[in-house]
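This report concerns only the one structure given below.
What follows draws every value from the coordinates through simple rules; no lab data is involved. Here the structure is a predicted model, which means the values were calculated and not measured. Counting neighbours? That spans all protein chains shown, and the Cβs are built from the backbone with ideal geometry, glycine included.
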Amino acid sequence: GAVVSQHPSWVICKSGTSVKIECRSLDFQATTMFWYRQFPKQSLMLMATSNEGSKATYEQGVEKDKFLINHASLTLSTLTVTSAHPEDSSFYICSARGASRLAGGPIPGFFGPGTRLTVL
Amino acid sequence: KQEVTQIPAALSVPEGENLVLNCSFTDSAIYNLQWFRQDPGKGLTSLLLIQSSQREQTSGRLNASLDKSSGRSTLYIAASQPGDSATYLCAVSEVWNSGGSNYKLTFGKGTLLTVNP
């Protein structure tokens, strides 16, 4: 199957700093990328969806000025957590999907391994 | 708004036992349903994908069924092994924009499975 990588796999930062997380599709062109956040023992919650070359669409309750998403190429999307605070500590997972469709519906996305963010 | 519920939240079984994980969703207008496996601190591994027109999918010891009209899916694991221990997530795919050109997944909270040797 297709491979999606994330970097870094874990990061610890001080409160007030900004952190950038990269999501790359290694062997396919990802026209759409999704960013999820997962708190302990909770489900993955979609934060935003981005199409290559367009502005990201954020889910209700997600601050677009705090979570900056850039999807400038067909293989790379970045999520920047600006002025991070301890409550932003979470597991961030990206998913990438190409343009084609299965008969009757969308093709499944491929998930990255996740990035564990800890804000002190 | 779509809601996905998984029951039970946690399950502990002895090795070799057959087991069933349950998933329900509130809006039946889905395109497909997926079952994922997530190991602690790791990303997601897709196990099975069932299109809305299908009733079930099988892969090895795993069998997933879908009853779209009633908003239910089950994941059956035969002859469970300690290596099956993980969190199993159910997710439904549905259109998220009015143009119908993009889709999003809504996840349940998962079932934490422990298979004891």
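Structure summary
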item: Exposed trypsin sites (Lys or Arg not before Pro) absent - longest run of chain B, DSSP non-H/G/I/E/B, at most 13 other C-beta within 10 Å; result: B:62-117
item: Gaussian network model of chain A, springs between alpha carbon atoms under 10 Å - residue of A:61, A:109, A:16 with greatest fluctuation; result: A:61
item: Pairwise centroid distance, computed over Cα atoms, of the stretch A:57-81 with the stretch B:6-59, Å; result: 28 Å
item: Cα radius of gyration and Dmax for the stretch A:1-92 (Å); result: 13.0, 38
item: Ranking of A:76, B:66, B:49 by count of other Cβ atoms within 10 Å, fewest first; result: A:76, B:49, B:66
item: Pair residue B:42, residue A:68: separation of 7 Å Cα→Cβ label points (nm); result: 3.4 nm
item: R0 of 45 Å, Cβ-Cβ distance residue B:20-residue A:20: FRET efficiency to nearest 0.05; result: 0.60
item: Furthest towards positive pole of dipole, B:47, A:70, A:29, structure part the protein assembly as shown, Cβ charges; result: A:70
item: The stretch B:1-103: GluC sites (Glu not before Pro) in DSSP loop, at most 15 other beta carbons within 10 Å; result: B:3, B:15, B:17
item: Loop-resident sites, the stretch A:21-88, for trypsin sites (Lys or Arg not before Pro), counting at most 11 other Cβ within 10 Å (DSSP); result: A:41
item: Relative contact order (percent, whole number), chain B, Cα cutoff 8 Å, 6+ residue spacing; result: 36 percent
